[in-house]
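Written below as structure tokens is the structure these notes are about.
The values are calculated or read from the model by the stated rules, or taken from the named source; none is laboratory data. It should be emphasised that the depicted structure is a prediction, and the values quoted were computed from it without experimental measurement. Here the Cβ positions follow ideal geometry from the backbone for every residue, glycine too, while neighbour counts run over all protein chains shown. Ligands, DNA and RNA are excluded from the accessible area calculation, which covers all protein heavy atoms including side chains. Shrake-Rupley method; radii C 1.70, N 1.55, O 1.52, S 1.80 Å.
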Amino acid sequence: MNTTKKVAVVTGGNRGLGFEASRQLAKQEYQVILTSRNEMKGQAAAQKLQDEGLNVQFHHLDVTSDESSRILAQFIRQEFGKLDALVNNAGIYIDVQSNSNSIVNSQIETIEKTLETNLYGVLRVTQALIPLMKEQNYGRIVNVSSGMGQLTDMEGGSPGYRISKTALNALTRIFASELQETNILVNSVCPGWVKTDMGGAEAPRTPEQGVDTIVWLATLPPGGATGGFFRDRQLIDW
Ligand SMILES: NC(=O)c1ccc[n+]([C@@H]2O[C@H](COP(=O)([O-])OP(=O)(O)OC[C@H]3O[C@@H](n4cnc5c(N)ncnc54)[C@H](OP(=O)(O)O)[C@@H]3O)[C@@H](O)[C@H]2O)c1
């Protein structure tokens, strides 16, 4: 299936912010590839959006796997020949479950595992897919970060998660710098505290509110911002 539509990939699309970002991008007439590491959950999520009349298809992606990232890139090349937007949304927050919530007793294994998904996962998937953007000199890369990674506001607790998001912000800056002569724009976003499995029931924001800036960054016009960290469509400190 070829398309004249813009093509977007969302990682961790089966639930939470990734699911809602897939919905909102499809509503903006993007052909969305909703990816998930779990085949059944991903298929069900894509089906739900298809039932809403949206152009969404599922493809498997585990961001911790080189092979999985390579296969996804190959699929997009064969099916569409291009990629316009990549939302690096998949993430984990395991400090609390692993009893590693204080830096004093945090287990290095927990931090390594977190980095494997939240940092290397983004690097791996971006490296695999960026050639599809470079070939057309167009792309929007949105790294879903967190205020918990802000150095200006760094507090204690959740060291694995915090470190992973600070490092993710560094990735954003490095990619944006290397791509500054191109029409590939790379930004970080904090969605705020959002009611999802990760955010919990107490969170004040709905997923729809949470993805507003994500979708805005994924659809920036030429000459739009790059190398920034945004919340509510406004630049915030690193
Ligand atoms: N919710 C908040 O308040 C909040 C605030 C700031 C930042 N964020 C960030 O927003 C992003 C989305 O969070 P969320 O609240 O939607 O969390 P969530 O409900 O826990 O969803 C996380 C998603 O990431 C996926 N994922 C985890 N590891 C993966 C892997 N190795 N490969 C592919 N997918 C993987 C999960 O898949 P499974 O279903 O298979 O586990 C799930 O789809 C995360 O990067 C998070 O750090 C969230």
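Listing for the model above:
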| item | result |
| --- | --- |
| Test for Glu116: is it part of a helix (DSSP H, G or I), closer than 24 Å to Gly156 by Cα and not small (Gly, Ala, Ser) | yes |
| Residues of the range 193-219 satisfying the condition of being open to solvent by 30 Å² or more (accessible area, probe 1.4 Å), out of contact with any Pro (no Cβ under 9 Å at 6 or more places or on another chain) and touching a residue at least 40 places away in the same chain (Cβ under 8 Å) | Asp197, Met198, Glu208, Thr219 |
| Of all residues making up the range 35-65, the number that are hydrophobic (A, V, I, L, M, F, W, C), in a helix (DSSP H, G or I), within 12 Å of the ligand (Cβ to nearest atom) and crowded, with 17+ Cβ neighbours inside 10 Å | 1 |
| Per-region count, the range 177-201, residues within 14 Å of Asn89 (Cβ to Cβ), more than 7 Å from the ligand (Cβ to nearest atom) and out of contact with any strand residue (DSSP E or B) (no Cβ under 8 Å at 6 or more places or on another chain) | 0 |
| Matching residues, the range 20-34, being in a loop (DSSP other than H, G, I, E, B) and surrounded by fewer than 24 Cβ atoms within 10 Å (Cβ to Cβ) | Gln28, Glu29 |
| Cβ pairs under 9 Å, 6+ apart, first in the range 157-180 and within 10 Å of Ser145 (Cβ to Cβ), second more than 13 Å from the ligand (Cβ to nearest atom) and open to solvent by less than 40 Å² (accessible area, probe 1.4 Å) | Ser164/Ile111; Leu171/Thr126; Leu171/Val186; Thr172/Ile141; Thr172/Val186; Thr172/Asn187; Thr172/Gly227; Thr172/Gly228 |
